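Below: one structure, written as C-alpha cells.
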Amino acid sequence: MKSLQRLFSPIKINSMELKNRGAMAPMATNYANADGSISERYKAYIEARARGGAALIILEVTSIDGSFPYVQHTVGLWDDKLIPGMRQLADAVHAHGARVVPQISHPGPESVSFFYGIQPVGPSVILSHSHKQICRELSIAEIEHIIEQFGDAARRAREAGCDGLELHAAHSYMLLGSFISSLRNRRTDAYGGSIEDRLRLPLEVIRNIRAKAGGDFPIIMRISGDELTPGGRNLEETQYIAPILAEAGVDALHISSGTFPQMSWRILPPTGTPRGLNVAFAAAIKEVVDIPVMVVGRINDPRLAEDILRRNQADVIVMGRALLADPELPNKAAEGRFDDIAPCVGCGLGCIAGRAEGRPMTCLINPTVGREREMAITPAAKPKKVMVVGAGPGGLEAARVAALRGHQVTLYEREAEPGGQLRLAAVPPMKQELSRGIKYLRTQAEKAGVTMQWNTRVTPELVAKVKPDVVIVASGAESLVPNIPGIKGDKVVSAHDVLAGKVFVPCGNVLVLGGGMVGLEVAEFLASPGDNPVVGRTAVTVVEMLDNVGLDLVPEGRTLLMQRLQENGVKILTCTKVKEILEDGVVTVNTVKETLENGTVVIRDGQMQQTICGMDAIILAMGAKSVDELSDKIKNKVAEVYVIGDAKQPRKALEAIAEGAEIGRKI
Ligand SMILES: Cc1cc2nc3c(=O)[nH]c(=O)nc-3n(C[C@H](O)[C@H](O)[C@H](O)COP(=O)(O)O)c2cc1C
C-alpha cells in the first residue's frame, strides 16, 4: 500500500492550521432553513464530514444579502441574527478537529431572487443561463454597498467562530466571477474593461474584509484556472492575476475550471471524464505564487490525492462529491481501508440532477446524505432470516444494511455476478467507472456477512424450503417490448441484450428505437469505432418520438455524449414515432406537441409517414418493465414481503439503492 504521508501532513493558510491536506468542496444542498439559518439537517450533514476526517470544510454558497439567495434554501450571513446558528455549526466542526470556512457570496446573476419578484443583478445586462433570466447592471453606489456587505458577512463569520472564508470568483459565475470574466463584464466604467479593472471589485471586497474581519482572517479565493470558453479567461490571465490577488491579501487559491453553462462539465465533471482534471492548471498557478494552491475536480481517491501532492502540483486537495459518497473517506484512507470507501462514480443523479429538479441533494451510492441522523444503522430488535432476491444495486444495499443490523441474510442472484442493470450501464464508453460502485456494494455486503447464492432463481418452492421471516424482492427490470406490429421480427433485439453481450450486432446499419439515456448510450456503444476501415463502421440512427433526446441524462453528461454521438456520425430523428416494424426497418409518423387548455402537454401523431429500411438490426430502447415473478405468490406465506427498486417500478439505480437502504433499516 502506498503511504499517504503527504495527504496526512498539516498545512497553514494564514492563521488557520489544517491537520491534513484534505478539504471538502462547497456544495449547495438546499438544506438551510428558509431564513438562511443553519438547520439541524445541515449541521448533521456537515458534522458527519468533519467527523469523517476532512481537515477543512468549505461551506456552500453563503449569501451576503437575504434578497439574493442562491437556491431556495440558501445558507446566509446577511444579518447578525444568523451568527448564533453559524457558531453552533462551527463548534460542531471544531469538536472533530476540523476547520470551517463559509463561501461568502453574492449570487449575482445566479440568484433565484426573481422568484420573490427581485431582478437579479450583475456587472452588465446579461442573460443568466441558470434561470433563463435577464439580470440588470449594478450602479456604482450598489457596488459600493455590496463591498460593505461582503465585509460585514466576513465579520459575522469571524464572530461565529469560523476559521476563515472563501470567495467564489470562478466559472464566470456569481457576482465576483461575473465581474472578473470578460464573458459577462461589459462595463465601460472603473469596474470593467481591462483585467485590472475587472479585478477591481474582488480587490475592494478583499480590502473591506481585511478591515472588518482582520488581517489574520484567512481568505481563500476559488477561481477558474482556465474558463476554456471562447471569450472567457484563460490560464495565462489567471497566472497574471494570481500574484495580484496574493499581494492583495488572498491567502490561498482554489482552482477549478470552466464556465456555466458552456463548459459546465468542467465544473461538475461527469462519469468518464479525467480524474483530477484541474491539476495541470493548479500546477501552473503554483509556479507563479507562494501561497497554498488548492485543487478540486474529480479527485475521488485518496491515492490520487497523495500523488498530486507528491508531485507538488497542489498543496491542498478539495473533494466534493467523493465526500458525499463517503464522509468517512479521510479516516478510511488513513487506515488504508481503500476497499471500504464508497466511491463517487460521477453519476450526478442525486447531487446534481436531484437538486436541479428541486429535490434535496442526495447521492447514488450514499442515500444517507442529508439524513445522517435518521439513517444511522442500529441493531435489529430481533434478528430475522432474510432472503434478498436479486443482486442489483438495490438488493445489494438492502442485504448489506440488513446484515449490518444483525439479520441473517442470503442474497440470491439468477446470474453469475452482481450488478443487474447497473452492470449493463457500465458497458458503453465512458461508463466503466460504474463498476466501482457495484464492486463496492458487493464487497461491503460480503463483509457485513451476507451469504451470496449465484446462478439461483428464487421460486416459491425455494422460499417454502428456506422459511424466511422476510423476503425482499429486488429482481429489477427488463427491456419493455411495446405493442408495435412487427416487434417480434428477426432483426429486433433489446438494448439490454446488446449491452449484456447476449446478441451480436454486426457492423452495418442499425436503428435504435428510443432516444432516452439507454438508447443514446447503446447507440454510442455500437457507433464508437467511428468510420474505421479496419474494424468496419456501424451507422446508427436513433428514432425518438419526443422533440429532444437524452432528457433523462444529467446535463453535463448529456453535453459530452451528444458531442461524441455527433463525432461518430450517429443520426438522430426526433418527433418521429414508430408505427410498424418491417423486416429490415420501420414505418414512422411524425409527432406534434400540443398544449391543452388545462396546460397538459400531449404528443399527437402527425400526417407524414416515412419508411426507413436497409437495417441490419433494430434495437429496442423504449423503456423498461418490472420483473417480479415472486411477491404475489409468496405474500400469504411469508411474514414480511417487500418489493423495491425497478421490480416495484422501473426508475434509476438512485431509487433502487435508496429503497434498499430504507428497507434494510426497517425490517
Ligand atoms: C450538488 C453540488 C452543489 C455545488 N455547489 C457549489 C457551491 O455552492 N459553490 C461552489 O463553488 N461550487 C459548488 N459545486 C461545485 C463543487 O464545489 C466542486 O467544484 C465540483 O463538485 C467538482 O468537484 P468533485 O469532482 O470533487 O465533486 C457544487 C457541486 C455539486 C455537485
Restricted to segment 290-304 and to residues being touching a Leu at 6+ places or on another chain (Cβ under 7 Å) and part of a loop (DSSP other than H, G, I, E, B), the residue farthest from the ligand (Cβ to nearest atom) is I291
- prompt: Could we say that Y240 is more than 16 Å from the ligand (Cβ to nearest atom) and outside any loop (DSSP other than H, G, I, E, B) here?
  reply: yes
With criteria (1) open to solvent by less than 60 Å² (accessible area, probe 1.4 Å); (2) at pLDDT below 95, G623 comes up short on (2)
Checked segment 349-400 for anything open to solvent by 30 Å² or more (accessible area, probe 1.4 Å) and among the acidic types (D, E); matches are E357, E372, E374
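So which strands (runs of 3 or more DSSP E) are wholly in segment 1-96 and hold at least 3 residues that are buried (at least 19 other Cβ atoms within 10 Å of the Cβ)? Quick ask: steps written out before the conclusion?
Values: elements: 11-13, 16-18, 22-24, 56-63.
Counting at least 3 such residues, we get 22-24, 56-63.
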Going through (1) part of a helix (DSSP H, G or I); (2) surrounded by fewer than 24 Cβ atoms within 10 Å (Cβ to Cβ) one by one, R186 fails only at (1)
In segment 429-450, residues that are under 30 Å from D632 (Cβ atoms) and surrounded by fewer than 14 Cβ atoms within 10 Å (Cβ to Cβ) total 0
Out of (1) out of contact with any Ser or Thr (no Cβ under 8 Å at 6 or more places or on another chain); (2) open to solvent by 20 Å² or more (accessible area, probe 1.4 Å); (3) farther than 20 Å from L201 by Cβ, the one I118 does not meet is (1)
Those residues of segment 305-326 which are more than 10 Å from the ligand (Cβ to nearest atom), under 30 Å from P428 (Cβ atoms) and either surrounded by fewer than 22 Cβ atoms within 10 Å (Cβ to Cβ) or within 19 Å of the chain's Cα centre (by Cα) (or both) amount to D307, D326
Pairs returned, first residue in segment 139-153 that is assigned to a loop (DSSP other than H, G, I, E, B), second residue that is at pLDDT below 95 and open to solvent by 70 Å² or more (accessible area, probe 1.4 Å), beta-carbon separation under 7 angstrom, 6 or more apart or interchain, are none
The condition from (1) in a helix (DSSP H, G or I); (2) crowded, with 23+ Cβ neighbours inside 10 Å that F525 misses is numbered (2)
Scanning segment 264-289 for residues that are of a type in the set (A, V, I, L, M), more than 11 Å from the ligand (Cβ to nearest atom) and surrounded by 21 or more Cβ atoms within 10 Å (Cβ to Cβ) gives V279, A282, I285
Could you tell me whether R200 is farther than 23 Å from A23 by Cα, open to solvent by less than 10 Å² (accessible area, probe 1.4 Å) and charged (D, E, K, R)? no
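The values are calculated or read from the model by the stated rules, or taken from the named source; none is laboratory data. Every value quoted in this text rests on a predicted model; they were computed, and no experiment measured them. Quick reminder, even Gly has a Cβ in these numbers, built from the backbone with ideal geometry, and neighbours come from all protein chains shown. Just the protein is used for accessible areas: all its heavy atoms, side chains included, with ligands, DNA and RNA removed. Shrake-Rupley method; radii C 1.70, N 1.55, O 1.52, S 1.80 Å.
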